[in-house]
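Colleague: Let me begin by handing over the structure; questions about it come next.
The values are calculated or read from the model by the stated rules, or taken from the named source; none is laboratory data. Just so it is clear, the model here is predicted, and its values are computed rather than measured. Virtual Cβ from ideal backbone geometry, glycine too; neighbours counted across all protein chains shown.
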Amino acid sequence: MTRLARKIAGESSFYAAVITLVTFAAFPFYWMLITTFKTEGDLYNLRSNPYWFNAEPTLEHLRYLFEDTLFVQWLWNTALIGVCVVAITLAVAVPAGYSLARTPGRSGENLGIGIFLTYLVPPTLLFLPLSRLVSDFGLQDSLWSLVVVYPTFTIPFCTWLLMGFFKSVPREIEEAAIVDGCTVLGAFVKTVLPLSVPAILTVIIFAFTLTMQEFVYALTFISSSDEKPVTLGVATDLIRGDIFYWGELMGAALIASVPVAIAYNLFLDRFISGITGGAVR
Amino acid sequence: MIAVIFGTVFTFTDLSVVYLLTKGGPINGTHVLGSLAFQVGILSGDVAHGAAICLFLFPFLLVAVIFLLRALRRREI
């Protein structure tokens, strides 16, 4: 009987913890969702219950967002920047990670750590010198400046991630391919790449989210509205002085974050194996 | 351990949250080094001054990086 009671207590405390965590994680989304559809009067009335609709839900905020701001353009810009950055990152990080993983001795290891350290040098230190560079290249106020700059933090991180993964791919597979007549490059493309699809997917998602959530560089380099990525556009064009367009802000945040959240969940298993593969080496 | 260092570095250098919430806020009272550097260096156009402010972050980051390297080494052995 006591054992049963203890088991019930253990299970219920486990589920209580899970429920608390889930609420903690999901609440911002709920908040965004209901704020998006609330009327202005409902939002600013301090007496009304903030957790639910007190007036009729409205689509006015979404209409404003899509018709009277450049929101669609911003989403587009973000997607464009993201795709370009992911392409650049893959083109550099896959060969780099592979060669670092196959460099014999400790030098490859140390080089890998060195590359990772460059990721630790934060944008906060770099945005001033980079802003000078960007204006020297004549890229200021253009989203291409971001395409050039974002790989500076995606490449080190992804190289490190891929290096960890490639190390876990047994070398014998490539050697077998070489014995069967492949060149070194051919062996890499035909045997290692197909095996590392999970890692590459991880890298794609990582690079894309890093690009999406980056704010400092975009804020520094871009000021005209139609070149902004979504984070910057939402934060600068929907907050005017002291006036926060809460409904539009929340709607925009929701629309921009939900696809990423879904992508994360779809790839969650592979994602975790990618990360821990990198961590354990 | 590594997560702690990471958290420290990225919190220490995060300026977007400060910028969004208060913009350095009433009479520059809520600036962190990063947001102050942004304001001076970009908004006021005094790049050299901003860079000097940023450079103040460097010693702190250096210490964090040294700790990180040592933690990594230890885990390899």
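Colleague: In the range A:159-196, which residues are among the β-branched types (Val, Ile, Thr) and without any contact (Cβ under 8 Å) to a residue 24 or more places away in the chain?
Modeller: A:Ile173, A:Ile178, A:Val179, A:Thr183, A:Val184, A:Val189, A:Thr191
Colleague: Given the residues A:Leu162, A:Leu249, A:Leu232, A:Leu219, which is the only one that is within 20 Å of the chain's Cα centre (by Cα), in a helix (DSSP H, G or I) and over 25 Å from A:Tyr119 (Cβ atoms)?
Modeller: A:Leu249
Colleague: Do we have A:Arg171 as surrounded by fewer than 21 Cβ atoms within 10 Å (Cβ to Cβ), in the same structural domain as A:Val149 (by TED's automatic domain parsing) and either at pLDDT below 80 or hydroxyl-bearing (Ser, Thr, Tyr) (or both) here?
Modeller: Here the answer is no, as A:Arg171 does not meet what is asked.
Rundown of residues vs (1) closer than 22 Å to A:Asn265 by Cβ; (2) within 22 Å of the chain's Cα centre (by Cα), yes/no style:
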| site | (1), (2) |
| --- | --- |
| A:Pro28 | yes, yes |
| A:Trp31 | yes, yes |
| A:Asn49 | no, no |
| A:Asp68 | no, no |
| A:Trp76 | no, yes |
| A:Ile88 | no, yes |
| A:Val92 | no, yes |
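Colleague: Listed residues A:Thr124, A:Thr103, A:Thr118; which is within 14 Å of chain B (Cβ to nearest Cβ) and without any contact (Cβ under 8 Å) to a residue 60 or more places away in the chain?
Modeller: A:Thr118 is the lone residue from the list that is within 14 Å of chain B (Cβ to nearest Cβ) and without any contact (Cβ under 8 Å) to a residue 60 or more places away in the chain.
Colleague: Given (1) closer than 19 Å to B:Phe10 by Cα; (2) among the aliphatic types (A, V, I, L, M); (3) at the interface with another protein chain (Cβ under 10 Å from one of its Cβ atoms), identify the lone condition not met by B:Val63.
Modeller: With (1) closer than 19 Å to B:Phe10 by Cα; (2) among the aliphatic types (A, V, I, L, M); (3) at the interface with another protein chain (Cβ under 10 Å from one of its Cβ atoms) applied to B:Val63, the lone miss is (3).
Colleague: Given the residues A:Ala17, A:Ala26, which is the only one that is among the small types (Gly, Ala, Ser) and more than 29 Å from A:Lys228 (Cβ to Cβ)?
Modeller: Every option except A:Ala17 fails the conditions.
Colleague: Follow-up question, since we're still on this one. Filter the range A:174-183 down to the residues that are in contact with a helix residue (DSSP H, G or I) (Cβ under 7 Å, 6 or more places away or on another chain) and either under 19 Å from A:Thr103 (Cβ atoms) or outside the structural domain of A:Ala96 (by TED's automatic domain parsing) (or both), then identify the one that is surrounded by the fewest Cβ atoms within 10 Å (Cβ to Cβ).
Modeller: Only one residue fits best here, namely A:Ile178.
Listed here are the residues, each with its yes/no results for (1) modelled with pLDDT of 80 or more; (2) of a type in the set (A, V, I, L, M, F, W, C); (3) assigned to a helix (DSSP H, G or I).
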| position | (1), (2), (3) |
| --- | --- |
| A:Gly108 | no, no, yes |
| A:Leu111 | yes, yes, yes |
| A:Thr124 | no, no, yes |
| A:Ser131 | yes, no, yes |
| A:Val134 | yes, yes, yes |
| A:Gly138 | yes, no, no |
| A:Ser145 | yes, no, yes |
| A:Val148 | yes, yes, yes |
